[in-house]
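Inspection log for the structure reproduced underneath, given as structure tokens.
The values are calculated or read from the model by the stated rules, or taken from the named source; none is laboratory data. Remember, it's a predicted structure, so these values are computed and weren't measured experimentally. Don't worry about glycine lacking a Cβ; one is built from the backbone with ideal geometry, like all the others, and counts go over all protein chains shown. In case anyone asks, the SASA skips ligands and DNA or RNA and just uses the protein heavy atoms, side chains included. Shrake-Rupley method; radii C 1.70, N 1.55, O 1.52, S 1.80 Å.
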Amino acid sequence: MRRFEEINLPTEEEKNHSIQTILANGMPEPQRLFEVLSKLWRSVGFRGLFFGVADCAFLGILIGGLLWAGLFSLWVNNKSSLYVLLFLASPLLYALLHILTIWKEIMTGTYEQKMACRYSSKQITSLRMLAFGGSSAVLSVLVSTLIWLILTKDLSILRLMGVSFASLFLFAAVQLLTEWKRSTAKSYFLTPVLWVILSGSLLLIGRPAEQIFLNTPTAVFWLVTAGSGAVYGRTLKHYYFSRWEGALTHVVC
């Protein structure tokens with residue numbers, strides 16, 4: 001009679017350990033956007049975040065300053081269009097910084113290279129967008145305060161900041177949604193083009209457009225700001241954790 005070797009079955013403790021290991025690997029804990037962005041910032045730092053695009057940041061600030069100066073002179077000659085100009089100009093810095101850096105990376109070929117790095121181009125872009133948004137928000141506060149002081153406090157600073165923030169957050173949310181949904185090079189430029197068309201239309205309308213802003217309660221602008229901010233934050237999370245870079249799969253080195 002053939003004698004079979006005795007097979008040692010796993011103990012109950014070993015079974016439970018194996019089950020827990022499978023669950024841990026198969027169902028990882030949900031990642032928090034703030035934590036991963038903080039880790040990314042500690043990993044790349046300021047120089048790494050803007051490596052190779054510092055000239056674009058400088059150019060964006062320069063062009064943004066010139067455009068703001070032009071719009072300010074336009075407002076001096078026609079003060080009735082104050083809210084319209086403030087609404088249209090608030091996203092300028094954010095749009096210029098974001099578009100110029102993306103454009104340079106696409107032109108130089110580094111955009112494709114970053115798709116195969118430890119941190120994808122979308123993850124780097126996510127942190128950059130937060131930096132650009134923070135800079136634009138600070139500029140909005142400074143401009144609103146300056147206008148408030150120039151007009152000897154005749155206007156409500158909360159209203160000025162509400163119009164500015166509503167414009168900035170709305171543009172940023174639409175821009176991010178477009179990039180996340182379409183994931184093509186053209187998607188980066190779609191929202192700025194639409195914003196230019198909107199700006200030209202409002203400026204052509206003139207007085208009626210200003211009346212719309214004058215008759216809109218201040219709370220509405222802050223509600224738009226809050227809603228756009230919530231959409232931006234939620235979309236940024238999907239954008240950051242996206243595993244696709246256009247038509248290429250994100251690869252972790």
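State yes or no: is GLN113 farther than 21 Å from ARG207 by Cα and at pLDDT 90 or above? Steps first, please.
On the way: farther than 21 Å from ARG207 by Cα: yes; at pLDDT 90 or above: no.
In short, no.
In the range 212-232, which residues are surrounded by 14 or more Cβ atoms within 10 Å (Cβ to Cβ) and of a type outside the set (A, V, I, L, M, F, W, C)? Answer for the range 212-232, where residues must be surrounded by 14 or more Cβ atoms within 10 Å (Cβ to Cβ) and of a type outside the set (A, V, I, L, M, F, W, C): THR216, THR218, THR225, GLY227, SER228, GLY229, TYR232.
I'm checking my understanding of the structure. Among residues of the range 166-182 that are more than 12 Å from the chain's Cα centre (by Cα) and touching a residue at least 24 places away in the same chain (Cβ under 8 Å), which one is surrounded by the fewest Cβ atoms within 10 Å (Cβ to Cβ)? Going through the qualifying residues, I end up with ALA166. Tell me which residues, restricted to the range 187-220, are closer than 16 Å to PRO91 by Cβ and among the aliphatic types (A, V, I, L, M). LEU190, VAL193, LEU194, VAL196, ILE197, LEU198, LEU202, LEU203 - these are the residues of the range 187-220 that are closer than 16 Å to PRO91 by Cβ and among the aliphatic types (A, V, I, L, M).
One line per residue, one yes/no per condition, for (1) part of a helix (DSSP H, G or I); (2) open to solvent by 60 Å² or more (accessible area, probe 1.4 Å); (3) at pLDDT 75 or above; (4) over 27 Å from HIS238 (Cβ atoms):
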{"site": "ARG3", "(1), (2), (3), (4)": "no, yes, no, yes"}
{"site": "PRO10", "(1), (2), (3), (4)": "no, yes, no, yes"}
{"site": "GLU14", "(1), (2), (3), (4)": "yes, yes, no, yes"}
{"site": "ASN25", "(1), (2), (3), (4)": "yes, yes, no, no"}
{"site": "PRO30", "(1), (2), (3), (4)": "no, yes, no, no"}
{"site": "TRP41", "(1), (2), (3), (4)": "yes, yes, yes, no"}
{"site": "VAL44", "(1), (2), (3), (4)": "yes, no, yes, no"}
{"site": "ARG47", "(1), (2), (3), (4)": "yes, yes, yes, yes"}
{"site": "LEU66", "(1), (2), (3), (4)": "yes, yes, yes, yes"}
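Selection of the range 183-200 for residues being out of contact with any Gly (no Cβ under 9 Å at 6 or more places or on another chain) and open to solvent by less than 50 Å² (accessible area, probe 1.4 Å) yields SER187, TYR188, THR191, PRO192, TRP195, SER199, GLY200. Being modelled with pLDDT under 85 and touching a Cys at 6+ places or on another chain (Cβ under 9 Å) is a condition met by at least one residue of the range 124-136.
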